Structure formats: structure tokens, C-alpha cells
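Below is one structure, written out as C-alpha cells; comments come after it.
The values are calculated or read from the model by the stated rules, or taken from the named source; none is laboratory data. Treat the numbers as computed from the prediction; the structure is a model and nothing was measured. Note that each Cβ is placed from the backbone with ideal geometry, even for glycine, and that neighbours are counted across all protein chains shown. Note: accessible area is taken over every heavy atom of the protein model, side chains too, but ligands, DNA and RNA are not part of it. Shrake-Rupley method; radii C 1.70, N 1.55, O 1.52, S 1.80 Å.
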Amino acid sequence: MNSVMKWAFAAALAMSCLASGATPGRSETVAVLMSDTLTSTTRTLQGAKKTIEAANPGIELRTFMIGQSPAGDQAVADSVRSCNPRLVLTIGSTATGIAQHHLPQVPIVFAGVMYPVLSGFVQTIQEPGGHITGASLDIPNEVQFRYFKKIIPGIERIGVLYTANTASLIAPARAVARGMGLELHAIEIRDSREIPQALDSLALTVQGVWSVADPVLFDPQATRYILLNTLRKNLPFMGFSRYVVESGALFALDFDYKAVGIQAGQIANRVLAGEAPASVSVSAADVIWFHYNEKTAQHIHVTIPDELVAVAKEVYR
């Protein structure tokens, strides 16, 4: 689809409020913004939609595709404003960023956003501070480290690589680790050429490597290198998604997207009931799935506890 066709598609969708005969100013509309139709997105929307409709009989959710082109985004934003929605529900970071830019006067509840503070959507998790709040994809550090301790009994030191992009995540993670009797050894990567030396350093000091979802660090080439060399060094590596486990990481925690949508719907209901987004805390994923790579576990001589084997969502072999 060329740029002209993309703009036309977005513009056509943007007219949905007026074309359907909706009356500007009606107060029972929630505008839903999404930038794709991936399974994760549709499952998130299903959870949110069901939760909002159950608590607000008669409310109408209108879906808009966004992120096709700058001109199309503006057309969609204009159409959303013409609906005068009580709330904008966004699915994913792309839709949330566009809504934040184009709809600064409308309450926004996001679903399926990772690192919302780092992304600039909210000031803090506990007190978002603006017109945006929602349900994040973040899994609390305490939960992640607890799984590490279950899998590597007696672990005391965990390593992590990061870049300036995710530097703000390290201090809070270090504090959580310390409270759990763990030391977090963090090495900043300024250039991908520093990765081999950083991994060599961690191999001498830590008993496992944690990861943060850093798109600057984890490009395809660097990810392959890190996976291969943690395997060679017999370092248990916790990936940031199940896809990394499929590629060779020992284990990862993932989330149920429909459950994240339900959380977003619950937050949306609070905003629709009159609470200000600024004072509604951002939620973290509360339904967590465990994934592990059996081949990797065997190679580095790690035994996954029976209690985790029993509940594993996916086992990669």
C-alpha cells in the first residue's frame, strides 16, 4: 500500500464518527486508537472492551486505526475530537504516543505499553500526573528476580547490560535486588563493540544475566551474540520475551494480553466514573506466564524446578 492509499485509508476511517450519524457532543463514547491488528492487540482490546461495556451499559466504543501516516493521524485525531469522547483508549505505544500528541485535552487510558515512564507518557507509576494513565506490560522486578532465585538456588549476583536508553531502569532494579539479598552488576553499553568485553566481565562475577527490553541494545545481531555467548559461558540468561527464549535464552516471563486489557478496562471505568488520570496509578501485568528452553537448560546444566515445569506456558526444545 503506497503512501497515498495509506492516507486515504486512514482518512476514511477517521470519518467513522460523522458518517455513522453520531451526534457531536454525545457523552457515552469511548474512542479506541490502535496501530495494528496483531493478535496481541486484538486480545488486549477484547479484554478492555468487555470490562468497559459491562460497567457502562449503553456506552459505545469506536475504533480508529492510527499510525498510517502523519496526514492520516491528523485526520483521525480530528474525527476523534468530533465524537467528543469521554475517554480515549489506546492499544500499544505507537497509538499512545500519537494520542498524547494530538489529543492533549482528552483523558487517555493506555493498554499494552512497556516502560510508560521511560516513554514519557506518565511522570511516575504511582502518580501519572497528567491526562494519561493505564495498564503497562511491565512485570515487577521483584517478580522477575524471584523466578531467578527459584531457578538458580543460592544465586547472589545477577548481571545486566543496558544503554543510555534504559539507564533510568537500573537504579530501581538494583534497590529491589538488594532488598532480596541480590547484587545487581550493571554494565552500560555505549557501542555494540563493547558487548564482548562486558559479557566476559559478567562471566567472572555473576551467576546469571537479566535483561531489559532495550531496542538500542538488542538489535538482531547483538541479540544473537549475547544468546550464543551466554550459552558458551554457561550463564543462565533471562530473556525479556518468549521470543528470546525460543531463540535460546534459558527462560522469560510473559503476560496475558487479554488480562492486560481487563486491567486497562478497570482503569478506564475509574476515569469514566470521575477519577482524574493523574491520580490513578499505572498497573503492572498481573497474569504472568513462564517460558523456558529445555535444550538450553540441559546444555548449561540447569534443572528447572518441577513447580515451574508444571505451570510453563511454553517449553522450547
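Tabulated results
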item	result
Net charge, Tyr243 excluded, C-beta distance under 11 Å - Lys, Arg +1, Asp, Glu -1	-2
Rounded if a/c under 1.5, otherwise prolate or oblate - segment 143-264, Cα gyration tensor axes	rounded
Across Lys150/Lys295; Lys150/Lys313; Lys258/Lys313; Lys149/Lys295; Lys50/Lys149, pairs whose alpha-carbon gap is larger than 27 Å	Lys50/Lys149
Measure of compaction for segment 192-288 (Cα Rg per 2.2 N^0.38 Å)	1.46
For the chain, calculated [θ]222 nm from helices alone, where every DSSP H run of n ≥ 4 adds -39500 (n - 2.57)	-12500 deg cm²/dmol
In nm, spacing of pseudo-spin labels at Ser168 and Asn229 (7 Å Cα→C-beta vector)	2.9 nm
Over segment 123-206: Rg over Rh, Cα atoms, Kirkwood Rh	1.03
Under 13 Å from the Cα of Lys233 - aspartates and glutamates, other chains or at least 8 residues apart	Asp200
Among 243-250, 199-206, 137-144, 262-269, the order from most to least packed when residues are scored by Cβ within 10 Å on average	262-269, 243-250, 137-144, 199-206
Residue-span extension gain [Lys150 to Ala278] - 0.36 nm each, minus C-alpha spacing	42.4 nm
Solvent-accessible area of Ser119 with every protein chain in place, 1.4 Å probe, in Å² to the nearest 10	60 Å²
Heavy atoms of Met180: accessible area, 1.4 Å probe, square angstrom to 10	40 Å²
Residue-level accessible surface for Arg157, protein heavy atoms, 1.4 Å, Å²	70 Å²
Shape category assigned to segment 239-314 from the gyration tensor of Cα positions, a/c cut at 1.5	prolate
Where the Cα pairs of segment 30-162 fall when distances are cut into 10 Å bins, in %	11, 37, 30, 13, 8, 2
Accessible surface of the chain, 1.4 Å probe, proportion on carbon and sulfur as whole %	53 percent
Compactness index (Cα Rg / 2.2 N^0.38 Å), the chain	1.10
